[in-house]
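Input: a single structure, listed below in C-alpha cells.
Rule-based calculations on the coordinates, nothing more; no lab input. Since the model is a prediction, treat every value here as computed from it, not as a measurement. We place every Cβ from the backbone using ideal geometry, glycine too, and count neighbours over all the protein chains shown.
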Amino acid sequence: MNPKHKFLAIALVAATILLVTGCGGTESSEEPAPPPDEVSMQFSWINTIEFAGFYLAEAEGYYADENLNVDLLDGGFDDDGNYIDPIDVVLSGEADFGDQDAGILLEARADGAPLVAIASIYQRHPLAFISLAERNIERPEDLAGNTVDVSDNSLVVYNALLSSQDIDPDSVNSQIRTDFTIDSLVNGDIDVIDAWVTNEVVELGLGGYDINVILASDYGVEVYPNVIFTTEDMVENHPDVVERFLQATLRGTQMAIDDPENAAAETLTRNADLDIEKETESMFQALPLLNPAGSQPGMMSASSWETTQDIMLEQDLLDAPLDLDQAYTLEFLNDIYEQG
Amino acid sequence: MSAATQAVKRQATTSSAQPRFPTSLRSTLVATFVLLSVLPVASALLLEMDRFGAQAEQQVTFQLNSIIETKEDAIAVWLEQNQEKLEPILADDVDSANVVELLSSSEPSETLRTNISKHLTAMRETQDDFTEYFLYDLDGEIAASTDSAQIGKVVTLTPYFAPSLQGEHVEAPFYEVGSASLAMIVTRPVLDTNGEVVGVLAGRLNLDQLGGVMTQRAGLGKTGETYLVSLENNYFVTPSRFEGYSLTRSYQSEGINRALAGETGTSSYNNYRDKPVIGAYTWLPDLEVGLVAEIERTEAFAALQAAIQTSIIVATAAAVIAAGIGFIAALRITRPITELTDVTRQFSEGDLDARTRITRRNEIGELGYAFNTMAGRQQETLVKLEASVKEARLATAMAREANRLKSEFLATMSHELRTPLNAIIGFAEILLAGMTGPISEKVEHKLSRIHLNSRRLLELINNLLDLAKIEAGRVDVLHEPFSPAQIATTLQAEMESLAERKGLAFRVLIDPRLPPQLVGDAMRIEQAASNLLSNAFKFTNKGEVTLRFDAEKDETWSVSVTDTGIGIPPHALEYIFDEFRQVDSGSQRAYGGSGLGLAITRNLARIMGGDIRVSSKLGEGSTFTISLPLVVPQAELVEAVI
C-alpha cells in the first residue's frame with residue numbers, strides 16, 4: 001500500500017467576509033429645536049395603575065417627542081396629613097395640570113375657579129357597592145336594612161344612586177368609612193362597602209371571595225372620577241402645549257391598553273409598595289374604563305357632564321346650573337383623534 | 001531463525017504496519033460504500049423537502065381557509081336564527097299591549113312588571129341561546145328582565161342603547177364593567193299601536209353557544225383551534241381551548257392583529273400562546289370581531305416530520321448495511337494484499353523460499369502468481385550472483401596478495417640490485433678520478449657513460465624501491481613537530497643551483513597564517529615537494545618556479561609548486577599520477593626521468609592522510625598542490641589557547 005495514494009480528501013473552505021460599512025449619522029441641517037416646555041401634572045392620588053398612561057408617556061419618551069419636559073407630581077397626603085387637592089395646586093400655579101372628580105371640578109368652577117376639563121382618564125366611574133355573595137345584595141334596593149360603609153368622597157355618587165332608585169336614605173344604615181381595608185367586609189362586621197372595581201374588587205377576587213357588585217354607573221349615575229384639567233389661561237394662551245401634553249398622555253394610555261402587564265410593571269417603578277399581581281389584575285379591570293366599547297381613550301360625552309351636573313344640583317352641591325361648555329372642552333380630544 | 005521467533009516477528013511487523021495508514025484501503029472502501037448509499041437518499045430528501053413542505057403548508061392553509069369560511073357561515077346562521085327568536089316573544093297581542101303599557105307609563109304597577117318578567121322567563125327557558133331577555137324604556141331604564149337583579153339599571157351608557165332605538169340591532173361583543181364579562185346583545189324595538197317606539201326588547205346572547213359553534217367539528221387536530229377576538233381591547237369572545245387563558249385578558253398575535261385590522265389571509269407566526277402556528281384570519285364586520293383559525297406547525301407538518309424521520313432511518317440503515325458490505329468487500333481485497341505484503345517483506349528480509357498461497361482466480365490471484373514467478377526467478381538470479389561475488393572476492397584477494405608479493409619482490413630486488421650497482425658506480429668514479437692511473441680521453445668518455453647510466457639505473461631502482469615500499473605498506477609515517485620554514489630553506493638551497501643553471505627564477509612563499517610549527521613527517525613532505533620541484537624545473541625552460549606553503553580551510557594546509565612550463569594536455573590529467581606514465585611517450589626521452597615521481601608523490605601524500613591535485617594549461621604551466629592535514633603540536637595549541 002502506497003501512502004502516496006491517499007484517498008481523496010476534499011476540503012472546500014469558503015470564507016465569507018462581510019464588510020459592514022457603517023454610515024455616519026447625517027447631521028440635521030434644521031434649526032435647533034427650541035428648549036422643551038416645562039409643565040407639571042398633579043395627581044389626585046398616590047401613584048397607582050390609575051396613572052399608568054402618564055408613566056408610560058414619560059418612560060417611552062412620548063413627552064419628549066412633543067418637546068415637553070413633564071414633572072409628574074405624586075398625590076395623596078402631605079407631611080401634615082392634609083389631602084393634596086390638585087385643584088388648589090393648579091390654582092396656585094404650582095402645577096399646570098391636575099386630575100380630579102368631575103363633580104368636585106364643577107363645584108370649584110361654581111366658586112369661580114377658572115379651570116377647564118380637557119379629557120377623562122376613566123370614562124366610567126369604577127365605584128361599586130360590594131357585599132359577600134351569600135348576603136344576596138344584588139340591587140340598590142337590597143341595601144335597605146343593611147350597614148353600608150361609604151367613603152367621604154364617594155358620598156355624592158352614593159346619594160345619587162339611592163336617589164335614582166327612590167331608596168329612602170333612612171332605610172339604609174349608612175356610615176362614613178374609616179377602615180380602608182376589606183377586613184370589615186370579610187369578617188362580616190359590615191354588610192356593604194364602597195369599592196372601586198379596579199381596587200377592592202380585584203383584591204377580593206384574588207382572595208377567592210365570591211361577591212356581588214352593584215356598579216353605580218349601571219344605574220345611570222355617571223360622574224367622571226378623574227378628569228384631566230388645566231386653567232382657562234393655558235387653554236386660551238397655550239393651546240399647543242395643552243394639546244401636546246394630552247396627545248402624549250393618550251399615547252401612553254393606548255400603550256397601557258395594548259400591554260397591561262408592562263403598564264403594571266412601569267407603575268411598580270413609581271411605587272415600590274404595590275403588589276405586581278394585584279396591579280396587573282387592576283390594569284386589566286381598568287381597560288374597559290380607559291377604553292370602553294365604541295369610545296377612545298380620554299373621550300368625554302356631554303350627557304355624562306349633564307348627568308353629573310344634575311346629580312350635583314339635586315344634592316344642593318350646586319346652587320344653579322353652570323355653563324358646562326365652559327367647564328370642559330372636547331377641542332383637544334377632537335383635534336387629536338381627527339389627526340389620527 | 002526458529003519458526004516461533006519468525007512467527008512473532010511477522011506478527012509484530014503486520015500489527016505495527018497497520019496503524020501507519022489512517023486512510024487504509026479498508027476504511028476508504030467502507031467510507032465510499034457508506035457515502036454512496038447515503039448520498040442518493042440524502043439528495044432526494046433535500047430535493048423533495050422544499051416541495052413537500054410547500055405542499056404541506058398549502059394543504060394546511062387550504063384547510064384553515066375552508067374552516068374559516070365554514071365558521072363564518074355558521075356564525076351568520078346562528079346570529080340570524082337568534083335574531084328571529086326575539087320576534088315571537090311579543091307576538092301575542094295581549095303580551096304586546098302589556099309591554100307597551102309597562103314601558104310607556106311613568107309609574108307602572110309591580111304586578112305588571114312581575115307578570116311580564118315571568119313571561120320573559122318562560123320564553124327564555126325554551127332555548128339556550130339567550131341567557132337573559134329584558135325590556136328597557138326610552139330613558140334606558142330596565143323595566144323587566146328574566147334576571148331581577150337587572151331591573152332598575154340604566155343602559156344609556158351602553159353602546160347598543162342609541163342604535164337599538166332606531167331598529168333591529170345586533171351589538172358586537174363588548175365588555176360590561178358591571179358583570180365583568182363580555183356581552184353580546186340583540187335588540188328589537190317595541191312599538192305601540194301607532195307604530196311609535198316606546199322601548200326595546202333585548203336579548204343577551206349566550207356566548208357559550210357561540211363558543212360551541214366555534215369548536216364544533218373544527219377538524220383541527222390536537223392543537224388547532226378557532227376563536228373570535230373582540231376589537232375592544234383584543235378580548236377573546238370565545239374561549240381558548242387551552243387552559244390558563246381568560247376571556248377578559250387582551251391577547252396579541254400577528255393573526256389577531258391582522259384580523260382586527262380588517263384583513264383576511266393566512267400567515268405563519270407565533271400565536272397568543274407563543275407557539276409557532278399557521279393561521280388563517282378574517283374580519284367579521286357584522287360582529288366587529290376577528291375570526292382566527294390556527295394549527296401548530298409541529299402538528300401541521302407532522303406528516304413531513306414523519307417522512308423525514310423515515311428517510312433518516314432508511315438512510316441510516318442503508319449506511320450501516322453499506323458499511324458492512326464495504327467492510328467485507330474491503331476484507332476480501334485487503335486480506336490477500338496484506339498477505340502478499342507480508343510475504344514480500346519476508347522475501348526482502350532474506351527468506352528467499354517465501355511464496356504466497358493465494359490461489360484465487362482473479363486479479364489478486366494473478367498478482368500472487370506473478371509474485372511467485374518473480375520470486376523464483378529472483379531467487380535463481382540471487383543464487384548465481386552470490387556465486388559470482390564469491391569468485392570475485394577470491395580473485396580480488398589473490399590479486400592483492402600477488403601485488404603485495406610483487407612489491408616485496410621489487411623491494412628485495414631493488415636492494416639486491418643496488419649493491420652491485422653501487423660497486424659499478426664506485427669503481428667507475430675511481431677510474432674517472434684517475435686513481436688507478438691516467439686514462440685516455442676515449443676511455444674517460446666511455447667511463448662517463450657507464451657512470452651516468454649507472455646513476456640513472458640507481459635512481460630508477462631507488463624510486464622503484466620507494467614505490468614498492470609504500471605499496472607493500474612498509475613505510476612508517478612520523479608524527480613529529482617540524483618547521484615548514486625549515487623545509488622551505490632546505491628546498492631553496494637544494495634547488496638554487498638547478499634554477500641558476502636553467503636561468504629560471506625560483507620563489508618560495510610562506511603563508512603568514514600558517515603556524516610556525518606543525519606535526520607531521522618532515523622528511524616525506526620534503527621528498528614530495530622535492531619531486532614536484534624536480535619535475536617543474538625539468539619541464540620549464542623560461543619563466544619561474546614557485547613553491548608555496550599555504551594554510552587552507554578545514555584543518556588542512558598545502559604545499560604547491562607552480563611553473564611556467566609546457567603544461568599538461570587535459571586528457572593526460574586523469575592518468576598523470578599513474579605509475580610509469582608521462583604525458584607522452586616522447587617526453588620521456590626529451591626530459592628524462594623514470595615516470596615514477598608523481599606516482600610516488602601521490603602515494604606519499606596519501607599515506608600522510610592528504611592528497612594531490614593538479615591544474616594545468618598547455619603551454620602556460622602547471623600547479624601541483626599537495627594538501628595535508630594541519631596538526632599543531634600540543635604545546636603550540638596550548639600557547640595559542642593562552
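Out of every Cα-Cα pair that the stretch A:190-283 contains, those further apart than 17 angstrom amount to 67 percent.
Placing dummy labels 7 Å off each Cα toward the beta-carbon, the span from B:VAL508 to B:SER615 is 2.5 nm. Modelled label positions at B:LYS542 and A:ASN237, each set 7 Å beyond Cα in the direction of Cβ, lie 13.5 nm from each other. Placing unit charges on the Cβ atoms only, positive for Lys and Arg and negative for Asp and Glu, gives the stretch A:176-230 a dipole magnitude near 180 debye about its Cα centre. The convex hull built on the alpha-carbon positions of the stretch A:152-211 has an orientation-averaged projected area of 4.6 nm².
The label point for A:ASP179 and the one for B:ALA387, both projected 7 Å from the Cα toward the Cβ, are 13.4 nm apart.
Per-residue extension of 0.36 nm, minus the Cα-Cα distance of B:ALA303 and B:THR344, leaves a gain of 8.8 nm for this segment.
Size descriptor for chain A, Kirkwood hydrodynamic radius: 22.5 Å (Cα pairs only, one decimal). When Rg and Dmax are taken over the Cα atoms of the protein assembly as shown, they come to 64.2, 205 Å. Cα extents for the stretch B:473-528 along the principal axes, largest to smallest and rounded to whole angstrom: 38, 32, 13.
Axis angle, to the nearest 10 degrees, between helix B:93-104 and the longest C-alpha principal axis of chain B: 80 degrees. Computed over the Cα atoms of the stretch B:521-581, the ratio of the radius of gyration to the Kirkwood radius (Rg/Rh) comes to 1.00.
State the percent of C-alpha pairs, over all pairs in chain B, separated by a distance greater than 43 angstrom. Summing the P(r) tail past 43 Å for chain B gives 67 percent. Two decimals, Cα atoms only, Kirkwood Rh: what is Rg/Rh over the stretch A:216-258? Here the Rg-to-Rh quotient is 1.13. Shape analysis of the stretch B:223-318 based on the Cα gyration tensor places the equivalent ellipsoid semi-axes at 33, 14, 9 Å, largest first.
Charge dipole (Cα centre; +1 on Lys/Arg Cβ, -1 on Asp/Glu Cβ; no other charges) of the protein assembly as shown amounts to roughly 19080 debye. Determine which aspartates and glutamates satisfy two conditions relative to B:LYS222: a Cα distance under 20 Å, and not lying fewer than 8 residues away in the same chain. Here the aspartates and glutamates satisfying the reach criterion relative to B:LYS222 are B:GLU57, B:GLU243, B:ASP274, B:GLU294, B:GLU296, B:GLU299.
For the listed residue pairs A:LYS278/B:LYS275; B:LYS469/B:LYS617; B:LYS469/B:LYS538; B:LYS553/B:LYS617; B:LYS71/B:LYS275, the alpha carbons are over 30 angstrom apart in B:LYS469/B:LYS617.
Can you tell me, using C-alpha contacts under 8 Å and at least 6 residues apart, the relative contact order of the stretch B:205-300 as a whole percent?
The value is 26 percent.
Note the full-extension length gain between B:GLU72 and B:LYS118 as 0.36 nm times their separation in residues minus their Cα-Cα distance, in nm to one decimal. Separation in residues times 0.36 nm, less the Cα-Cα distance, equals 13.1 nm. Mean sequence separation of contacting Cα pairs (under 8 Å, at least six apart), scaled by the length of the stretch B:149-279, corresponds to a relative contact order of 13 percent.
Calculated FRET efficiency, B:ARG456 to B:ALA399, Cβ-Cβ distance, R0 = 35 Å: about 0.65 to the nearest 0.05. In this structure, B:ALA31 and A:ASP275 have a Cβ-Cβ separation that, at R0 = 60 Å, corresponds to a calculated FRET efficiency of about 0.40. Our Cα-only numbers for the stretch A:135-249 put the radius of gyration and Dmax at 18.3, 55 Å. In the protein assembly as shown, the DSSP beta bridges split such that about 80 percent are antiparallel, to the nearest 5. Using the rule -39500 (n - 2.57) for each DSSP H run of four or more residues, divided by the residues of chain A, the 222 nm mean residue ellipticity is -10500 deg cm²/dmol. Rounded to the nearest whole angstrom, the semi-axes of the ellipsoid equivalent to the stretch B:272-414, taken from the Cα gyration tensor as √(5λ), stand at 90, 23, 9, largest first. Dividing the helix sum by the residues of chain B, where each DSSP H run of 4 or more adds -39500 (n - 2.57), gives a mean residue ellipticity at 222 nm of -18500 deg cm²/dmol. Dividing the alpha-carbon radius of gyration of the stretch B:411-475 by the rule-of-thumb value 2.2 N^0.38 Å gives 1.39. Pairs of alpha carbons in the stretch A:58-160 separated by more than 21 Å make up 55% of all such pairs. Straight-distance candidates among the lysines for linking to B:LYS118, with alpha-carbon spacing under 20 Å and chain neighbours fewer than 8 residues away dropped: B:LYS85, B:LYS153. Which of A:ALA320, A:TRP305, A:GLY294 sits farthest toward the positive end of the charge dipole of the stretch A:283-334, with +1 on the Cβ of Lys and Arg and -1 on the Cβ of Asp and Glu? Projecting each Cα onto the dipole axis, the largest value belongs to A:GLY294.
For the stretch B:29-164, taking Cα atoms only, Rg and Dmax work out to 31.1, 104 Å respectively. Any idea what log10 I(q)/I(0) is at q = 0.12, 0.13 Å⁻¹ for the stretch B:150-227, Debye with uniform C-alpha scatterers and no solvent? The Cα Debye sum returns log10 ratios of -0.47, -0.53. Quick one: grab the alpha carbon gyration tensor of the stretch B:417-569, order the square roots of its eigenvalues as a ≥ b ≥ c, and give me rounded if a/c is under 1.5, else prolate or oblate depending on whether a/b is larger than b/c. Note, shape of the stretch B:417-569 comes out prolate. Relative contact order for the stretch A:145-193: 56 percent, from Cα pairs under 8 Å spaced at least 6 residues apart, divided by residue count. For the stretch A:101-209, the residue among A:GLY188, A:LEU105, A:THR198 whose Cα projects farthest onto the positive side of the dipole built from Cβ charges is A:LEU105.
Taking the charge dipole of the protein assembly as shown about its Cα centre, with +1 at Lys and Arg Cβ atoms and -1 at Asp and Glu Cβ atoms, the residue from B:ALA402, B:VAL155, B:VAL277 reaching farthest to the positive side is B:ALA402.
For the stretch A:204-340, compute Rh as the Kirkwood radius over C-alpha pairs and then the Stokes-Einstein diffusion coefficient at 10 °C and 1.306 mPa s; write the answer in µm²/s, rounded to an integer. This corresponds to a translational diffusion coefficient of 90 µm²/s.
Rounded to the nearest 5, what % of the DSSP beta bridges within chain A are antiparallel ones?
Of all bridge pairs located within chain A, approximately 55 percent are antiparallel.
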